[in-house]
Each structure stands twice: as C-alpha cells, then as structure tokens.
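Visitor: Take this structure, written in structure tokens, and hold onto it; I'll ask about it next.
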Amino acid sequence: MEIVILKNADAVAKKGAQLLTELIRQKSNAILGLATGRTPIALYEQLIGIYRTGEISFAEVSTFNLDEYLGIDEDDDQSYRAFMNAAFFDHIDIDIRNTYMPFCKEGENPRTFGLGFENEILCHGGIDLQILGIGGNGHIGFNEPASSLKSRTRVKALTQRTLQDNKHLFDENEHQPRLAMTMGIATILDARKIILLATGSGKAEAVQKMVEGPLSSMCPASALQLHQHVSILLDEKAAAKLQNQEYYLWVYEQNETLRKQFGSFYNI
Ligand code: PGA
C-alpha cells in the first residue's frame, strides 16, 4: 500500500484525478471501476474540468460501478445510476452504453445477475483502475463487516451504521433501501490498480484499521493489504489516527523520486 497524506480534500481529489488522467492518456480505452458517495464527487468535478480542457477523452472508456441499490428503479432519483449520470457521465463524452451499473431488475435472479456482471467485467479484459471510498465501518463498495474476503458480485444487507450514514440522502417519506447489489471483495482485488480516497475525521478510525490493523473481514478494506498496487489518498484529518505517518510521507517522497527517474511502478 502506498499511503499518500495530503493537506485537504481538494488536494486528494486533484491527486486522484491526476492518476486517472495519466491512465487514460496511456490507454484511451481504459476500463474504470467507479464509486458513488460524497467523497468521489470532488474527483469527478476535477475530471470534468480536465476533460473540458481537451486533455483527455472518455469516448473509448468503459466503466463498471461498485454497487447499486436493490429494489429501486434505475430511473429513480435515488439510484446510483442517477447519481453517476448527474455527477459525471452527463458532463463527459463517454458512451452511456459503456457505463455498467450492477442494477438487478425487479424479478431478476440476483445470483444470475451477479454472475453476468462478473462475466461482463472479464469480457472487457478486467478493470484497469478501481476507485474506492471507505465507509466509517470499513466497508468498500457495500461489502459490510464480516463479508467474505473471497466474495463476488452479490446482494448484501446494509448495516445499521451504513443506513444511518446515508440517511441524510433520503427525504423522510422516501424509501431507503436496505439491500444492495455490490461487487465482492475478490472482484475489487482483481483490478490491476486501486485508488482509495478518504477525507475527513469521520474516516480516521476506519483508515487506521485498514492500513495498520490486522487483515480481517471485520474491516473489509483491510483486504486491500493483499493487493500489489494500491494508493490510499488521504487528507490530514482522515490520516490523523495512523501511527506511522512520518514513515508514509518519507516513503511517498522516495517513490516520487524513483517515479521521476524510472516512470510508474504500475504497467497496464
Ligand atoms: P462517502 O461513502 O464517500 O459518502 O463517505 C464512502 C463509502 O461508503 O464507500
């Protein structure tokens, strides 16, 4: 894991956008794994800005999102499809047919759907770069604590903590789904490179467990310790509980020097 501690949320979004831009410039038909939530909004804003300068195009890019609620329609304002369109897809030149959401229709067998979604990722050659946030309880995607570390795309029941964290997004009389379809932890670990973004003090404890705690399904994000190319982009607040901050900063400086000399450690 490369731990990158930056001044604030703005710097985290800029760094994430820089890494994504480098990939798309290198591989115009990149396969991206995308996330919803409050954290990646600033990243998408940065990317839209870069797209508008003409530096990158998404015309050949395909995307797979981590998760989608079960039991609400794709057209519903609360769906993650609606979120992605409004926050990102509507503002770039991506072909919407190449944007895949794990949306399992009413009446469709979720198990069959999950297998089909995994297969679609494989048919595209796998995910080049997966963007992640982290839940206050350590979840990635909607892989809640105690999720199998070998899990694949499937239905998960959301924890009370997650329901509470996301409650503000729903009006009082609006139905808040308690089930979601999510890529599994093994699906996420198959990505060739992973970037996790975390900002704000509400994430500090989960970040500490993910990076410095034991590998445990009780902190699903700790499974990232098993991946060879993970960048954890943090603002100072989210990094506040890490024990070895000075060391991580030093390692990052060394890596930046090496990258300037020899290029990225990660090849697609
Ligand atoms: P957030 O969600 O960005 O809204 O905090 C992150 C997550 O739950 O993965």
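The values are calculated or read from the model by the stated rules, or taken from the named source; none is laboratory data. Keep in mind that what you see is a predicted model, and the values were worked out from it rather than measured. Every residue, glycine among them, receives a Cβ derived from its backbone with ideal geometry; neighbour counts consider all protein chains shown.
Visitor: For residue 158, indicate whether it is within 16 Å of the ligand (Cβ to nearest atom) and out of contact with any Ser or Thr (no Cβ under 9 Å at 6 or more places or on another chain). Working first, answer last.
Guide: Values: within 16 Å of the ligand (Cβ to nearest atom): yes; out of contact with any Ser or Thr (no Cβ under 9 Å at 6 or more places or on another chain): yes.
In short, yes.
Visitor: Might you check whether a residue that is farther than 21 Å from residue 188 by Cα and more than 16 Å from the ligand (Cβ to nearest atom) occurs anywhere in region 31-39? Give the derivation first.
Guide: Within region 31-39, the first condition is being farther than 21 Å from residue 188 by Cα, and the residues that meet it are none.
Within region 31-39, not a single residue is farther than 21 Å from residue 188 by Cα and more than 16 Å from the ligand (Cβ to nearest atom).
Visitor: Pull up region 207-229, narrow it to residues that are surrounded by 14 or more Cβ atoms within 10 Å (Cβ to Cβ) and without any contact (Cβ under 8 Å) to a residue 12 or more places away in the chain, then point me to the one that is nearest to residue 186 (Cα to Cα).
Guide: Only one residue tops the list, namely 216.
Visitor: Of the residues that sit in region 90-105 and are free of Cβ contacts under 8 Å to residues at least 60 places away in the same chain and surrounded by 20 or more Cβ atoms within 10 Å (Cβ to Cβ), which one is farthest from the chain's Cα centre (by Cα)? Show your work before the answer.
Guide: Pass one, region 90-105, residues free of Cβ contacts under 8 Å to residues at least 60 places away in the same chain: 90-101, 105.
Okay, now just the ones that are also surrounded by 20 or more Cβ atoms within 10 Å (Cβ to Cβ), so 94, 99, 101.
Working: 94: 19, 99: 15, 101: 13 Å.
Across region 90-105, the extreme among qualifying residues is 94.
Visitor: Next up: Take the conditions within 15 Å of the ligand (Cβ to nearest atom), touching a Gly at 6+ places or on another chain (Cβ under 7 Å), among the hydrophobic types (A, V, I, L, M, F, W, C) and under 21 Å from residue 68 (Cα atoms) and apply them to residue 188. Does it pass? Steps first, answer last, please.
Guide: Numbers: within 15 Å of the ligand (Cβ to nearest atom): yes; touching a Gly at 6+ places or on another chain (Cβ under 7 Å): yes; among the hydrophobic types (A, V, I, L, M, F, W, C): yes; under 21 Å from residue 68 (Cα atoms): yes.
The answer is yes for residue 188.
Visitor: I need the helices (runs of 4 or more DSSP H) fully contained in region 146-257, keeping only those with at least 3 residues that are not β-branched (Val, Ile, Thr).
Guide: 160-166, 204-212, 236-239
Visitor: Is it the case, given these coordinates, that residue 226 is of a type outside the set (Asp, Glu), under 30 Å from residue 106 (Cα atoms), modelled with pLDDT of 95 or more and over 16 Å from the mean Cα position of the chain (by Cα)? First the steps, then the outcome.
Guide: Details: of a type outside the set (Asp, Glu): yes; under 30 Å from residue 106 (Cα atoms): no; modelled with pLDDT of 95 or more: yes; over 16 Å from the mean Cα position of the chain (by Cα): yes.
It is false that residue 226 is of a type outside the set (Asp, Glu), under 30 Å from residue 106 (Cα atoms), modelled with pLDDT of 95 or more and over 16 Å from the mean Cα position of the chain (by Cα).
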